[in-house]
1. In this structure, does Pro124 turn out to be open to solvent by less than 70 Å² (accessible area, probe 1.4 Å), more than 21 Å from Leu147 (Cβ to Cβ) and modelled with pLDDT of 95 or more?
2. For residues in the range 132-150 being open to solvent by less than 30 Å² (accessible area, probe 1.4 Å) and among the small types (Gly, Ala, Ser), which is modelled with the highest pLDDT?
3. For the range 151-169, which positions are surrounded by fewer than 18 Cβ atoms within 10 Å (Cβ to Cβ), of a type in the set (Gly, Ala, Ser) and farther than 30 Å from Glu77 by Cα?
4. When you scan the range 1-120 for strands (runs of 3 or more DSSP E) that lie fully inside it, which ones turn up with 2 or more residues that are at pLDDT 95 or above and either open to solvent by less than 70 Å² (accessible area, probe 1.4 Å) or touching a strand residue (DSSP E or B) at 6+ places or on another chain (Cβ under 8 Å) (or both)?
Amino acid sequence: AVCACVAVWGVGLPARTAGAAEASRGPWTVGLTGGWAEDEADKPLRDDFSTSLSVGYDLTDRWTLEGVLDYAPEFKENFRRDWRTGERVSRLEEKAGPGEHDTSCTRLGVDALYHLAPGQRFDPYFGAGLGGVRYTADLGSSVEPELRLRAGCHANLNPTWAVRAEVRLLTVGDEFESSGMGLLGLVCRFGGRAEPVAPAVDTDYDGLSDAQ
């Protein structure tokens, strides 16, 4: 059931309606973020924009298992200077062959995240996982293995929505080539169950519950 809460940053309803149901914290999350992907300076590709789609499930309050699909529509070629001729040389053409000037990139990974403050307004987390990366240009392997390290924070707007800010360190291939990503976006939490709330008791009939 979708969480029926209108509290944003701590401002909510003054009292519950008698007999109302309150949704528990949902274990499922879907996130959509975007940001900058950065490679080492001597790599064939220049830095560019990338998007990330994630689906997660809370194994416990602190541990989340998350599947991630990253897509960068266009990484342009990087250049080096030939010290003998002074001309610019495309590092991508050297690696993938003549005529290759850009490529798209798809990453797929599974990560385990550990939350430092689950359910709080600000929830820092860190994690690690494994995955694979594929470029449309031929960079020597159709799919390269990837080690993924992540650190970030959720700013919880309410029980359903959160802003996510995150950095990632990605180590690719058997040569351990490194790249990084900085991402910002939204996370939606769902799948909570409605739990009944005990009706307010008002023994003196003044319109306020006895607990107030």
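The values are calculated or read from the model by the stated rules, or taken from the named source; none is laboratory data. Note that the structure is predicted; figures quoted are calculated from it, not measured. Positions of Cβ are backbone-derived with ideal geometry, glycine not excepted, and every protein chain shown enters the neighbour counts. For the accessible areas, the whole protein counts, side chains as well, though only heavy atoms, and no ligand, DNA or RNA atoms are used. Shrake-Rupley method; radii C 1.70, N 1.55, O 1.52, S 1.80 Å.
1. Numbers: open to solvent by less than 70 Å² (accessible area, probe 1.4 Å): yes; more than 21 Å from Leu147 (Cβ to Cβ): yes; modelled with pLDDT of 95 or more: yes.
Spelling it out, Pro124 is indeed open to solvent by less than 70 Å² (accessible area, probe 1.4 Å), more than 21 Å from Leu147 (Cβ to Cβ) and modelled with pLDDT of 95 or more.
2. The qualifying residue modelled with the highest pLDDT is Gly132.
3. Ala155, the sole residue that qualifies.
4. 28-39, 48-58, 63-76, 102-115
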